[in-house]
1. Kindly write out, for region 45-58 in residue order, the coupling ³J(HN,Hα) from the Karplus curve 6.51 cos²θ - 1.76 cosθ + 1.60 (θ = phi - 60°), rounded to whole Hz, with x marking Gly and Pro.
2. Note down the relative contact order for the chain as a percent, whole number, built from C-alpha pairs under 8 angstrom at least six residues apart.
3. Give the calculated FRET efficiency between R85 and K17 to the nearest 0.05, with a Förster radius of 25 Å applied to their Cβ-Cβ distance.
4. Per residue and in cubic angstrom, what volume does the convex hull of the Cα atoms of the chain have?
5. For n ≥ 4 DSSP H runs only, could you compute -39500 (n - 2.57) per run for the chain, divide by its residues and tell me the 222 nm figure to the nearest 500?
6. Quick one: if you stick a label point 7 Å off each Cα along the C-beta vector at A9 and T41, how many nm between them?
Amino acid sequence: MAGIDEVRAGIDLAHQKMQEGIAVFQQGNLVLEEAQAALVTATQGSTQEEMQHAHGMLAEVTQTINGVQGTLSAAINSTQGYAGRL
């Protein structure tokens, strides 16, 4: 079994990787917001159902990414609590 220092080091590495993941998702959301703005501009006034659907799907993706970020933050908080009790 790993010693306490090894466990803490592993948790620290996991935190770093989760933080990197959050940063990637944040960047992805920014790019998708730009894509959505470009789509809105390009299709302004369009009543085509497929464009409405595309707008909705982009909004859904950004909401999902926000949820993933929240879940990762909760995981970080949980593991920090565990590490603090070691």
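1. Running phi through 6.51 cos²θ - 1.76 cosθ + 1.60 with θ = phi - 60° gives x, 6, 10, 5, 4, 5, 6, 4, 5, 4, 4, x, 5, 5 Hz.
2. Values: 22 pairs, mean separation 43.4, N = 86.
That works out to 50 percent.
3. About 0.70, to the nearest 0.05.
4. Each residue corresponds to 80 Å³ of Cα convex hull volume.
5. So the helix-based figure for the chain works out to -32500 deg cm²/dmol.
6. About 5.0 nm separates the two model spin labels.
Taken together, the values in this text are just the output of simple stated rules run on the coordinates, not laboratory data. For clarity, every value in this text was computed on a predicted model and none was experimentally measured. Here Cβ is always computed from backbone atoms with ideal geometry, including for glycine, and neighbour counts include all displayed protein chains.
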